[in-house]
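Heads up, the thing below is written out as structure tokens.
The values are calculated or read from the model by the stated rules, or taken from the named source; none is laboratory data. Note that this is a predicted model, so its numbers are computed, not measured. Here the Cβ is made from the backbone with ideal geometry for all residues, glycine too, and neighbour counts use every protein chain on show. Quick note on the areas: whole protein, heavy atoms, side chains included, nothing else; ligands and nucleic acids left out. Shrake-Rupley method; radii C 1.70, N 1.55, O 1.52, S 1.80 Å.
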Amino acid sequence: MRHPSFPVGQRGARIGPTRAAAFFVAGLTLAACDMVTVPATTLAPKSDFGRVSYDIFLSIFWWDAGIFLVVSAVLVGIIFRFRERDPRPLPAQVRGNPKLELAWTVAPVVVLTLIAFPTVRAVFRTQTTPPPAALRVRVTGHQWWWEFEYPELGIRTATELHLPVGRPVGLELRSPDVIHSFWIPQLGGKRDTPPGKVNRIVLTPTTPGRYYGQCAEFCGASHANMRMLAVVEAPAEFDAWVARQRAPAATPADGSPAAAGLRAFTTGACVGCHTITGVSAGVVGPDLTHVGSRTTIAGGMLPNTPGTLTAWLADPPGVKPGSIMPDLHLSVADVRALTEYLATLR
Ligand code: CUA
């Protein structure tokens, strides 16, 4: 099943011969995927980190293509030259060839060293201390959703990472449970979130757009359902988003269906795990203060619609295997009221 919340492919992108060749190689390794609809690609970088990774990949690809051609030509030549013929004289019997052995040891060392230099340099450059003007974002990988906190802006959200284009970002990656791996392919390489340690990514998004990400380290039953979306936008749009996120949670009008939802929320188990500013302060699950403004629910697994929200609240583990949010056996009326209420939290 295609997940409707995560439309795939970057249609309309112009593909030159170089990128086409790279897509061909990627296609070989992703044999089951349609090349045009690879959900998230490293071959169309949208940040400085993504660009560096892509350039390294491309230069290695062309050098490797050259080596492949040379080795193949030599192999074909040897096959032809030493094919079986009549009469069959016994070939010269030799033992060892120090020059040859030295050559095939040194050559790979040289090749791997040439690959290692730019790779290691890029790894260090993308996890240094961010510049003072950088936007700080604390990224926490939970089983199975991503939390984003902007400490200087007083914002805590989930699954959708908003970033202003052109401004350096310092991501601090951490995890309270197991090792996850933060990966938004178009914004750069993956990096682990080891529990008890903070890893860093420093990058600058270069192009506005919506870029899909995925946990890239097996982390349990719903590893595949641990997704995210980076929304890179113009600074003014980002500021407007910040203002909306900092606004207090909506209060439903007395007697409205949403008011019944708020009551179900505060009298039920929801408050123990979720924060809604001014209502509750749970920290186990995602902050729901502005959940209605997000395009997905359940860690990016489902689009945020009344239908999916209803199904999700009615039976979380049935929708998302291993979901930490249990089936609370909510009544149909409570599920409906909660759906109404959460949708108002924009
Ligand atoms: Cu988190 Cu895989």
Subject >> D_trans [Stokes-Einstein, Kirkwood Rh over alpha-carbon pairs] for the stretch 257-343, 37 °C, 0.692 mPa s, µm² s⁻¹ >> reply: 256
Original post:
Sorted by accessible area (1.4 Å probe), largest first, how do Thr310, Thr251 line up?
Top reply: Thr251, Thr310
Original post:
Which of these, Arg200, Arg125, Arg83, has the largest mean-square fluctuation under a Gaussian network model of the chain (Cα springs below 10 Å)?
Top reply: Arg83
**OP:** State the extension gain, in nm to one decimal, for the chain segment bounded by Val111 and Val283, taking 0.36 nm per residue of separation less the distance between their alpha-carbons.
**Re:** 57.0 nm
**OP:** Take each of the peptides 228-240, 58-70, average the number of other beta-carbon atoms within 10 Å over its residues, and list them starting from the highest.
**Re:** 228-240, 58-70
Subject >> Per-pair calculated FRET efficiency, R0 = 51 Å: Ala133 and Lys99 via Cβ, rounded to 0.05 >> reply: 0.35
Original post:
Averaged per residue, what accessible area in Å² does the chain show with a 1.4 Å probe, protein chains only?
Top reply: 55
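Antiparallel DSSP bridges in the chain: what percent, to the nearest 5? Let's see the in-between values first.
Numbers: 28 of 39 bridges.
Percentage antiparallel, nearest 5: 70.
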Original post:
By DSSP, what percent of the beta bridges with both residues in the stretch 84-238 are antiparallel, rounded to the nearest 5?
Top reply: 70
Original post:
Per residue of the chain, what 222 nm ellipticity follows from adding -39500 (n - 2.57) for every DSSP H run with n ≥ 4, rounded to the nearest 500?
Top reply: -12000 deg cm²/dmol
Original post:
For the chain, max minus min Cα coordinate along each principal axis, in Å, sorted largest first?
Top reply: 100, 46, 42
Subject >> Candidates Ala107, Ala221, Ala269: whichever shows maximal mean-square fluctuation once the chain is modelled as a Gaussian network with Cα springs under 10 Å >> reply: Ala107
Subject >> Within straight-line cross-link reach of Lys190, lysines at Cα separation under 23 Å, skipping those fewer than 8 residues along the same chain >> reply: Lys46
**OP:** Using a 1.4 Å probe over the heavy atoms of the protein chains, calculate the carbon and sulfur portion of the accessible area of the chain as a whole percent.
**Re:** 65
**OP:** Excluding Ala216 itself, calculate the net charge of residues whose Cβ lies under 15 Å from the Cβ of Ala216, where each Lys or Arg counts +1 and each Asp or Glu counts -1.
**Re:** +1
**OP:** Using 0.36 nm per residue of separation minus the Cα-Cα distance, give me the extension gain between Ile60 and Val74 in nm, one decimal.
**Re:** 2.9 nm
